Amino acid sequence: DAKTTQPTSMDCAEGRAANLPCNHSTISGNEYVYWYRQIHSQGPQYIIHGLKNNETNEMASLIITEDRKSSTLILPHATLRDTAVYYCIVPQSNAGNMLTFGGGTRLMVKP
Amino acid sequence: KAGVTQTPRYLIKTRGQQVTLSCSPISGHRSVSWYQQTPGQGLQFLFEYFSETQRNKGNFPGRFSGRQFSNSRSEMNVSTLELGDSALYLCASSFSQGRGTEAFFGQGTRLTVV
């Protein structure tokens, strides 16, 4: 998988937007960017993925830079339930559904 | 639609024993992947099965094995258990192997080896 770099931890005030950055400077042209999160003691949860264009769903928005070397996951109105570890993953295009999880970003949403 | 179901949720085994964990994927999903999560190593990929064939394998010893049945349900087996095998074992199902396919995880089986 293309190596991803994320900050170890971040804080966010409840109700504010949480912007989680990810660097993936070695990404190849046909590799997607995925975001998952893991709330304590639960299985990881899929959030969103994208290739080139910005994407939005009911959970979050994904902004990918034009050169595709970095991306930002945006939770528009963070709640306490969004406290979790967020993983940015760029799977190898020839590795099936194998996901390589790094350390992720521990997001703490505070009241 | 039902999510990914893993059984059992919790398990305690003794060193040297073997264990079998089960995963039922989302209906219609043909890919099942297994992961091990420990505090020290984080989430690590074990293997992936697609249409009953192992398609990818992580860097784990041969004591870790798996299989997938024709209904896409999967089992993983760990033989000769070691204390270090204590972990949360997670199963993920995906519809296909195509790029841009998301994975849906179960709640995991927490294995404790004593």
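The values are calculated or read from the model by the stated rules, or taken from the named source; none is laboratory data. Note that the coordinates shown come from a computational prediction; the quantities given were computed from them, not determined experimentally. Counting neighbours? That spans all protein chains shown, and the Cβs are built from the backbone with ideal geometry, glycine included. Each accessible area value is taken on the protein alone, full model and side chains, heavy atoms only, with ligands, DNA and RNA left out. Shrake-Rupley method; radii C 1.70, N 1.55, O 1.52, S 1.80 Å.
Look through region A:23-49, keep the residues that are within 11 Å of chain B (Cβ to nearest Cβ) and in contact with a Ser or Thr (Cβ under 6 Å, 6 or more places away or on another chain), and return whichever of them is farthest from B:Ala92 (Cα to Cα).
Among those residues, the one meeting the criterion is A:Asn30.
Determine, yes or no, whether B:Ser27 is away from chain A (no Cβ under 12 Å), of a type in the set (S, T, N, Q), under 20 Å from A:Gln45 (Cβ atoms) and assigned to a loop (DSSP other than H, G, I, E, B).
Details: away from chain A (no Cβ under 12 Å): yes; of a type in the set (S, T, N, Q): yes; under 20 Å from A:Gln45 (Cβ atoms): yes; assigned to a loop (DSSP other than H, G, I, E, B): yes.
It is true that B:Ser27 is away from chain A (no Cβ under 12 Å), of a type in the set (S, T, N, Q), under 20 Å from A:Gln45 (Cβ atoms) and assigned to a loop (DSSP other than H, G, I, E, B).
Among residues belonging to region B:1-24 that are of a type in the set (Gly, Ala, Ser) and part of a loop (DSSP other than H, G, I, E, B), point out the one that is surrounded by the fewest Cβ atoms within 10 Å (Cβ to Cβ). Write out each step before concluding.
Looking only at region B:1-24, we keep the residues that are of a type in the set (Gly, Ala, Ser), and these are B:2-3, B:16, B:22, B:24.
With the extra rule that they be part of a loop (DSSP other than H, G, I, E, B), the set shrinks to B:2-3, B:16.
Values: B:Ala2: 8, B:Gly3: 14, B:Gly16: 10.
Out of the qualifying residues, it is B:Ala2.
Return the pairs, sorted by first residue and then second, in which the second residue is not in a strand (DSSP E or B), the first residue lies in region B:75-87 and is within 16 Å of B:Gly40 (Cα to Cα), the beta carbons are less than 7 Å apart, and the residues are 6+ apart or on different chains.
If the second residue must be not in a strand (DSSP E or B), the pairs left are B:Glu82/B:Arg15; B:Leu83/B:Arg15.
Can you find a residue in region A:36-55 that is free of Cβ contacts under 8 Å to residues at least 24 places away in the same chain, assigned to a loop (DSSP other than H, G, I, E, B), of a type in the set (Asp, Glu) and open to solvent by 30 Å² or more (accessible area, probe 1.4 Å)?
Checked against the condition, which is being free of Cβ contacts under 8 Å to residues at least 24 places away in the same chain, assigned to a loop (DSSP other than H, G, I, E, B), of a type in the set (Asp, Glu) and open to solvent by 30 Å² or more (accessible area, probe 1.4 Å), region A:36-55 yields no hits at all.
Among the candidates B:Glu52, B:Glu75, single out the residue that is touching a Ser or Thr at 6+ places or on another chain (Cβ under 9 Å) and farther than 20 Å from B:Gly108 by Cα. Walk me through how you get there before you give the answer.
Working: B:Glu75 fails: farther than 20 Å from B:Gly108 by Cα.
Residue meeting the stated conditions: B:Glu52.
Among the residues of region A:98-110, are any within 14 Å of chain B (Cβ to nearest Cβ), assigned to a strand (DSSP E or B) and not hydroxyl-bearing (Ser, Thr, Tyr)?
Residues of region A:98-110 within 14 Å of chain B (Cβ to nearest Cβ): A:98-106.
Applying the additional criterion that residues be assigned to a strand (DSSP E or B) yields A:105-106.
Subsequent filtering for residues that are not hydroxyl-bearing (Ser, Thr, Tyr) retains A:106.
Within region A:98-110, one or more residues are within 14 Å of chain B (Cβ to nearest Cβ), assigned to a strand (DSSP E or B) and not hydroxyl-bearing (Ser, Thr, Tyr).
Can you tell me how many residues within region A:15-35 are surrounded by 15 or more Cβ atoms within 10 Å (Cβ to Cβ) and more than 15 Å from A:Ser70 (Cβ to Cβ)?
The total comes to 1.
In region B:49-101, which residues are over 10 Å from the mean Cα position of the chain (by Cα), assigned to a strand (DSSP E or B), within 27 Å of A:Ile47 (Cβ to Cβ) and among the hydrophobic types (A, V, I, L, M, F, W, C)?
Selection gives B:Phe50, B:Ala87.
Return the residues of region A:40-53 that are over 18 Å from B:Ala87 (Cβ atoms) and out of contact with any Leu (no Cβ under 6 Å at 6 or more places or on another chain); say none if nothing qualifies. Let's see the steps before the verdict.
Here is the first cut: in region A:40-53, the ones over 18 Å from B:Ala87 (Cβ atoms) are A:45-53.
Matches in region A:40-53: A:Gln45, A:Tyr46, A:Ile47, A:His49, A:Leu51, A:Lys52, A:Asn53.
B:Val78 - would you say it is in contact with a helix residue (DSSP H, G or I) (Cβ under 8 Å, 6 or more places away or on another chain) and more than 30 Å from A:Ser93 (Cβ to Cβ)?
Working: in contact with a helix residue (DSSP H, G or I) (Cβ under 8 Å, 6 or more places away or on another chain): yes; more than 30 Å from A:Ser93 (Cβ to Cβ): yes.
Yes; evaluated as a whole, the condition is true for this residue.
Say we look at region A:71-81 and pick out the residues that are open to solvent by 20 Å² or more (accessible area, probe 1.4 Å) and touching an Asp or Glu at 6+ places or on another chain (Cβ under 9 Å); which of these is farthest from the other protein chains (Cβ to nearest Cβ)? I'd like the intermediate steps shown before the answer.
Of all residues in region A:71-81, those open to solvent by 20 Å² or more (accessible area, probe 1.4 Å) come to A:72, A:74, A:76-77, A:79-81.
Filter once more, keeping what is touching an Asp or Glu at 6+ places or on another chain (Cβ under 9 Å): A:77, A:79-80.
Numbers: A:His77: 23, A:Thr79: 21, A:Leu80: 21 Å.
That would be A:His77.
All but one of (1) away from chain B (no Cβ under 12 Å); (2) touching a residue at least 40 places away in the same chain (Cβ under 8 Å); (3) among the hydrophobic types (A, V, I, L, M, F, W, C) hold for A:Ile89; which doesn't?
(1) is the only condition that A:Ile89 fails.
Anything in region A:1-15 that is away from chain B (no Cβ under 14 Å), assigned to a loop (DSSP other than H, G, I, E, B) and closer than 14 Å to A:Leu73 by Cα? List them, or say none. Show your work before the answer.
Restricting attention to region A:1-15, the residues satisfying the condition of being away from chain B (no Cβ under 14 Å) are A:3, A:5, A:7, A:9-15.
Narrowing further to those that are assigned to a loop (DSSP other than H, G, I, E, B): A:3, A:7, A:14-15.
A:Pro7 - this is the single residue of region A:1-15 that is away from chain B (no Cβ under 14 Å), assigned to a loop (DSSP other than H, G, I, E, B) and closer than 14 Å to A:Leu73 by Cα.
Search region B:83-106 for residues being more than 7 Å from every other protein chain (Cβ to nearest Cβ) and aliphatic (A, V, I, L, M), and hand back the single one that is surrounded by the fewest Cβ atoms within 10 Å (Cβ to Cβ). Can you show your working first?
So in region B:83-106, the residues more than 7 Å from every other protein chain (Cβ to nearest Cβ) come out as B:83-89, B:91-93, B:95-96, B:98.
The next check asks that each one be aliphatic (A, V, I, L, M); those that pass are B:83, B:87-88, B:92.
Values: B:Leu83: 9, B:Ala87: 22, B:Leu88: 18, B:Ala92: 27.
Selected residue: B:Leu83.
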